[in-house]
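The values are calculated or read from the model by the stated rules, or taken from the named source; none is laboratory data. Since the structure is predicted, the reported quantities are computational estimates derived from the model, not experimental observations. Don't worry about glycine lacking a Cβ; one is built from the backbone with ideal geometry, like all the others, and counts go over all protein chains shown.
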Amino acid sequence: MKRVVAVCLSSLFASAAFAADLSQVYRDALANDARFSAARAQFDAGQEKVVQGRAGLLPTIGASASTTYNDADYRLPAGSRDYSYNSNGYAVQLTQPLFRWQNWVQYKQGELQTALAGSQFGLARQDLILRTAEAYFNVLNAEDALAAVAQLRTAAAEQLEIAKTSFEVGTVTITDVHEAQSRFDLASAQEIAARNELDVRRESLAQIIGKEPEPLAGLRPGVELQRPQPDNIGDWVKAAETGSFGVQAQQLAREIATREVERAGAGHLPTLDLVATHGLNNRPSISVDRSESTTVGLQLSVPLYQGGGVSSREREAAALKMKADADLEDARRSAALAARQSYLGVTSGMAQVRALEAAKVSSTSALEANKLGYEVGVRINIDVLNAQSQLADTLKQLSRARYDTLLAQLRLKAAAGTLGEDDVQAINALLASQ
């Protein structure tokens, strides 16, 4: 059993020489994550909104052409004649809007929609960082949990051998053997579950980076986590209420809704266009009939009654504006709540890490003391087994607390809208060098 564990550990250390770090995994996610690729395409599509809005202010030019076959029978005093000919024509028309208020409002909406696409893309980039970091740390946590359970199983196997030997010489009862066997079987089952959990976590990371993940670099031993800067929850809440990408997106959505009310109301206003046309008609018959004309003029259109559709669209836009106001307020409250939760997650997580580090020391000492007491006969087998389980559980909780605290730091930055690649590099600096 010891040789098997030694081989596994040597393989693990050998793989650490070329382990991928968080920065490399994030670059793979940027290139391969399907959700982020969709967000990038959505961002590219959003850049066209301002172009489409501007088109309503620019002239439109259209051309048309026609050809018609004619078969005519003319009855003249000198007799009847039959003519067969083609009449041809073409026309080019330019229309330049001079006053179309709804077009101007739509142009301003296009600018806002392009800005909205930028905010949504920023939110998607932050989401990618969080999802990548969470998947990365979930793999590391699963590896740590597997290592702790494997260590527990090895210790349980050693204790089982001791119990069997002691039973053979009559120093312990069969109950001790059964207890040791039970703990060994339980540790074996836990190891199977831990390996399955590790496989699931690696597949979750593979879904993001688009390939089978390489061995990952873990946290450096003795890493000290830092408190948030500024170290004041109120500052983070204020920053989140204004700087969060979610809040920015809802602010833009509300402004677009406000403009939509204005655009709907513009349906009651007249429109004025400059219209220029040039055309040619050629109708050869008894005598050649060819006409060519050019016209330039103003075209005024005044809406009188449109079936109540314009008023209905005004009421609809006003209702949607109220919805946008409520959505913005909800976004601000959600951002503030996320900032509070993440800040408390960092501070309480750091306290939990310190407590579990102390618990790790005491659990290790308790295990050694119970082993010694068992050897001298003042402790029984179950005491050693309980101490081993307590140490393994403490190691798993400590590992989870460290990763949760790091994720809370990233979520705090995301709540304030400042999470970026620099933060990925800062976390990456805490990992073991390759």
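Computed quantities for the displayed model
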| read-out | value |
| --- | --- |
| Selection count, the stretch 304-325, where residues are part of a loop (DSSP other than H, G, I, E, B) and either surrounded by 12 or more Cβ atoms within 10 Å (Cβ to Cβ) or of a type in the set (Val, Ile, Thr) (or both) | 1 |
| Qualifying positions in the stretch 192-229 - of a type in the set (D, E, K, R), touching a residue at least 40 places away in the same chain (Cβ under 8 Å) and over 30 Å from Ala34 (Cα atoms) | Arg220, Arg227 |
| Qualifying residue in the stretch 58-66 (condition: aliphatic (A, V, I, L, M), touching a helix residue (DSSP H, G or I) at 6+ places or on another chain (Cβ under 7 Å) and modelled with pLDDT of 95 or more) | no |
| Residue under evaluation Gln181, criteria (1) in contact (Cβ under 8 Å) with a residue 24 or more places away in the chain; (2) under 30 Å from Leu398 (Cβ atoms); (3) not basic (Lys, Arg), criterion not met | (1) |
| Residue among Arg153, Arg131 that alone is more than 29 Å from Ala34 (Cα to Cα), of a type in the set (Lys, Arg) and either out of contact with any Pro (no Cβ under 9 Å at 6 or more places or on another chain) or assigned to a helix (DSSP H, G or I) (or both) | Arg153 |
| Check on Ala335, surrounded by 15 or more Cβ atoms within 10 Å (Cβ to Cβ) and at pLDDT 95 or above | yes |
| Number of the condition not met by Thr171 [criteria: (1) under 30 Å from Arg354 (Cα atoms); (2) exposed (fewer than 13 other Cβ atoms within 10 Å of the Cβ); (3) more than 42 Å from the chain's Cα centre (by Cα)] | (1) |
| Scope the stretch 36-57; condition among the basic types (Lys, Arg) and either modelled with pLDDT under 95 or over 22 Å from the mean Cα position of the chain (by Cα) (or both); matching residues | Lys49, Arg54 |
| Filter pass, Ala150 being in contact (Cβ under 8 Å) with a residue 40 or more places away in the chain and crowded, with 19+ Cβ neighbours inside 10 Å | yes |
| Scan of the stretch 32-58 for residues that are under 30 Å from Gly279 (Cβ atoms) and either among the basic types (Lys, Arg) or free of Cβ contacts under 8 Å to residues at least 40 places away in the same chain (or both), ordered by number | Arg54, Ala55, Leu58 |
| Residues (outside any helix (DSSP H, G or I) and of a type in the set (A, V, I, L, M)) located in the stretch 45-69 | Leu57, Leu58, Ile61, Ala63, Ala65 |
